[in-house]
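Here is the structure we will look at.
All of the numbers you see were taken from the coordinates with simple rules; none came from a lab. Since the structure is predicted, the reported quantities are computational estimates derived from the model, not experimental observations. Counting neighbours? That spans all protein chains shown, and the Cβs are built from the backbone with ideal geometry, glycine included.
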Amino acid sequence: MVSEVSKSKFKAHALEIFRRIERTGEPVIITDHGNPALIVQKYSPRVQSAQQRLKGSVIKYDDPFAPVADSDWEALP
């Protein structure tokens with residue numbers, strides 16, 4: 001369950017709120033006059049292998065072993 005805290009309460013109890021987020025992993029929404037303004041959540045690095053980052057990035061895969069002619073390169077004049 002995501003909890004909400006006003007800016008003034010957050011300012012007064014920031015360390016306590018940070019410790020709770022670290023302990024439970026649940027994010028806290030900071031409100032400004034009752035409207036959501038910020039979200040504070042536990043940092044988790046998104047470590048991906050090169051293969052995972054490149055997955056789905058191949059646009060065309062006709063014949064990867066066919067020779068490439070000079071006219072196939074866009075950079076050539």
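For the reader, a short list of remarks on this structure follows.
- Report summary: the helix-based calculation at 222 nm, which adds -39500 (n - 2.57) for every DSSP H run with n ≥ 4 and divides by the residues of the chain, gives -9000 deg cm²/dmol.
- Whichever aspartates and glutamates have a C-alpha closer than 20 Å to that of K7, once near sequence neighbours (fewer than 8 apart) are set aside: E16, E22, E26, D32
- Candidate values (1) 68, 27, 19; (2) 36, 24, 18; (3) 65, 21, 15 were compared with Cα extents along the principal axes in Å computed on the shown model; the agreeing label is (1).
- Percent of beta bridges antiparallel (DSSP, the chain, rounded to nearest 5): 55
- Look at I21, I59 and count the other Cβ atoms within 10 Å of each Cβ; fewest to most, that gives I59, I21.
- Candidates per chymotrypsin sites (Phe, Trp or Tyr not before Pro) in the chain, loop by DSSP, up to 11 other Cβ within 10 Å: Y43, Y61, F65, W73
- Residues H13, H33, ranked from the fewest to the most other C-beta atoms within 10 Å, line up as H33, H13.
- Charge tally in the Cβ shell below 11 Å around A37, where Lys, Arg are +1 and Asp, Glu are -1, A37 excluded: -1
- Long-range amide H partners of A37 with built H, under 5 Å: I30, T31, D32
- Computed from backbone phi with θ = phi - 60° and the Karplus coefficients 6.51, -1.76 and 1.60, the 3J(HN,Hα) list for segment 29-38 is 9, 9, 9, 10, 6, x, 9, x, 10, 9 Hz; x is used for glycine and proline.
- With at most 15 other Cβ atoms within 10 Å, longest stretch of the chain clear of loop trypsin sites (Lys or Arg not before Pro) (DSSP): 1-41
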